[in-house]
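Okay, here's the structure, questions in a sec.
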Amino acid sequence: MEFNSTSVLVVIGVLLAALSSTPAESCSTFVLDDGNRIVFGKNYDWDIGSGMLIVNPKGLAKVSTADAGGNPARWTARYGSVTFNQYGRGFPMGGMNEAGLVIELMWLEGTVYPAADERATLDNLQWIQYQLDTAKTVDDVLASDERVRIVDGAPLHYLVADAAGSAATVEFLNGQMVAHSGISLPVAALTNSTYSSSLRYHLSWPQGFGTTSSNDRFATAASSCEAFTSVAPADAVGYAFDTLDEVAQPNYTRWSIVYEITERRVHFKTDRYPAIRSLDLNELAYSCQTTTQVLDLATRVSGDVSGLLEPYSFERNLGLIEYAFRNTPFLEGTSQGVLDEIARFPDTTACVGLQRVR
């Protein structure tokens, strides 16, 4: 079908600029690892809480909407994934794939993305889906910097973790990827300051002071990570949710998500309905030849939601996009025609199976 990628790119650029208007104290992440269990926690802080959980198939061939320089990234999904989306399918805020790779975003003032070069282009949100589609490990994500780059947009940085116990922060400073992993990542947490500055603060002040500032949230999360090994709580998921409660921001924390990477399970709650919902990624069908499954995050259920997933449709995607755009101040004037195009982006992908994955 005919698809106006230029119009969508313009609007996605506006979307990303709008995301940068989020209060500076927004979003918190951390990784708990005691050598046996790996648990990733995320608070998503934003003006609105609408959203959709999406089971993303593998075997789909995709082309990025970021066509800067005429070289959009092209790829075929190797892995299925579960993502949390607010501005449409294909543009996630974060998620986990079936290999156990987790990526989550946060806002970072001062981000400078790479200048134009020969690498294929992605926007900030599609970069997340690209990684979940193609990467198994943190090393895979870091190595992709040789092939793809993020075009200008909202200033974001990312926390990444995998099933082997590796984790990394990914930032773009002075036009270069700056990653901390291994010995340069003594504690796997990230809020809204650079990792280096956050770590310096934490080492000077081991405990947060109970404020919602970026540094205090980092210090609180980091201290929780450090205590996890010695405390060895029986309920690692509950421990993670307790930590998320400690770093939550009144009036801004919309979703609290806990990924059991080792077990390939995700648990989440929302500000509108605090009951915890869970989904086992091992039980999902990821074939692109089957109907994509989704769940409205506003669904008032608790416990296992695997039996409550519903078929994806253009109408569902459009409804999510319309609500999110109309209730985001910088996007409320977007034309209906452009919203329709963004909602049709998934229709531009093609199910080719895995025989073409390289």
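The values are calculated or read from the model by the stated rules, or taken from the named source; none is laboratory data. Everything numeric here is computed off the predicted structure, so don't read it as measured data. Counting neighbours? That spans all protein chains shown, and the Cβs are built from the backbone with ideal geometry, glycine included. What goes into the accessible areas is simple: the full protein's heavy atoms, side chains included, and nothing from ligands, DNA or RNA. Shrake-Rupley method; radii C 1.70, N 1.55, O 1.52, S 1.80 Å.
Cα extents of the range 186-243 along the three principal axes, largest first, in whole Å?
Taking max minus min along each principal axis of the Cα atoms, the range 186-243 gives 32, 21, 16 Å.
Tell me, what is the FRET efficiency for residue 315 and residue 183 to the nearest 0.05, using R0 = 51 angstrom and their Cβ-Cβ distance as r?
So the FRET efficiency works out to roughly 0.55.
For a distance above 24 Å, tell me the whole-number percent of Cα pairs in the chain that qualify.
Percentage above 24 Å: 53.
Determine the distance separating the Cα centre of the range 224-288 from the Cα centre of the range 66-143; give it in Å without decimals.
Measuring centre to centre over Cα atoms gives 22 Å.
Please give the helix 124-134 orientation as an angle from the longest Cα principal axis of the chain, in degrees from 0 to 90, rounded to the nearest 10.
90 degrees
If you don't mind, there's one more thing I want to ask. Which percentage, to the nearest 5, of the DSSP beta bridges contained in the chain is antiparallel?
DSSP beta bridges in the chain are roughly 90 percent antiparallel.
Here's another thing I want to ask about it. Where a Cα-Cα gap under 20 Å defines reach, which aspartates and glutamates qualify for residue 62, not counting those fewer than 8 residues away within the same chain?
Excluding near neighbours in sequence, the set is 2, 98, 118, 123, 133, 140, 145, 146, 340, 341, 347.
Kindly report the accessible area of the chain per residue (heavy atoms of protein chains, probe 1.4 Å, no ligands, DNA or RNA), in Å².
39 Å²
Further question on the same structure: Quickly rank 87-93, 263-269 as a protection proxy: mean count of other C-beta atoms within 10 Å, highest first.
Result, highest mean first: 87-93, 263-269.
With each label point set 7 Å from Cα along the Cα-Cβ vector, what nm distance links residue 262 and residue 290?
2.8 nm
Also, quick follow-up: May I ask you to compute the full-extension gain from residue 36 to residue 197, defined as 0.36 nm times their residue separation minus their alpha-carbon distance, rounded to one decimal in nm?
Gain on stretching residue 36 to residue 197: 55.0 nm.
I would also like to ask the following. Can you work out the Karplus-derived ³J(HN,Hα) for every residue in the range 78-87? Use 6.51 cos²θ - 1.76 cosθ + 1.60 with θ = phi - 60°, whole Hz, and x for glycine or proline.
Each residue of the range 78-87 in turn: 7, 10, x, 8, 10, 10, 10, 10, 10, 10 Hz.
Could I ask something else about it? Sorting check: for 220-228, 202-210, which peptide has the highest mean count of neighbouring beta carbons within 10 Å, and how do the rest follow?
On the way: 220-228: 21.2, 202-210: 13.3.
Ranking the peptides 220-228, 202-210 by packing returns 220-228, 202-210.
Run the accessible area of the range 187-296 with a 1.4 Å probe and give the carbon-and-sulfur part as a rounded percent.
Carbon and sulfur together cover 49 percent of it.
Could you tell me which Cys residues in the chain have no other cysteine's Cβ under 4.7 Å from their own Cβ, answering none if every one has a partner?
Cys with no partner Cβ under 4.7 Å: 27, 225.
Show that you can apply the helix-only estimate: for the chain, add -39,500 (n - 2.57) for every DSSP H stretch of four or more residues, divide by all residues, and state [θ] at 222 nm to the nearest 500.
Working: 8 runs with 92 residues, N = 358.
After summing the helix terms and dividing by residue count, I get -8000 deg cm²/dmol.
Then there is this: Could you please put 27, 351 in sequence from largest to smallest accessible area, using a 1.4 Å probe? Before the final figure, lay out each step's value.
On the way: 27 5, 351 65 Å².
My answer, sorted largest first, is 351, 27.
Hey, another quick one. What list of ³J(HN,Hα) values in whole Hz, one per residue of the range 204-211 in order, does the Karplus curve 6.51 cos²θ - 1.76 cosθ + 1.60 (θ = phi - 60°) give from phi, with Gly and Pro shown as x?
Once rounded to whole Hz, the list reads 7, 10, x, 10, x, 9, x, 8.
Let me ask something additional. What do you get when you divide the Cα radius of gyration of the range 157-272 by 2.2 N^0.38 Å, with N the number of residues?
Values: Rg = 14.3 Å, N = 116, 2.2 N^0.38 = 13.4 Å.
Output field value: 1.07.
Based on the mean of other Cβ atoms within 10 Å per residue, sort peptides 102-112, 240-250 so the most packed one is first.
In decreasing order of mean packing, 102-112, 240-250 become 102-112, 240-250.
Using a 1.4 angstrom probe on heavy atoms only, work out the carbon and sulfur share of the accessible area of the range 312-353 in %. Write out the running numbers ahead of the final one.
On the way: 960 of 1860 Å².
On the range 312-353, the fraction of accessible area on carbon and sulfur atoms equals 52 percent.
Relative to the longest principal Cα axis of the chain, at what angle does helix 5-19 sit, 0 to 90 degrees, rounded to 10?
Taking the Cα atoms of the chain, the angle to 5-19 is about 20 degrees.
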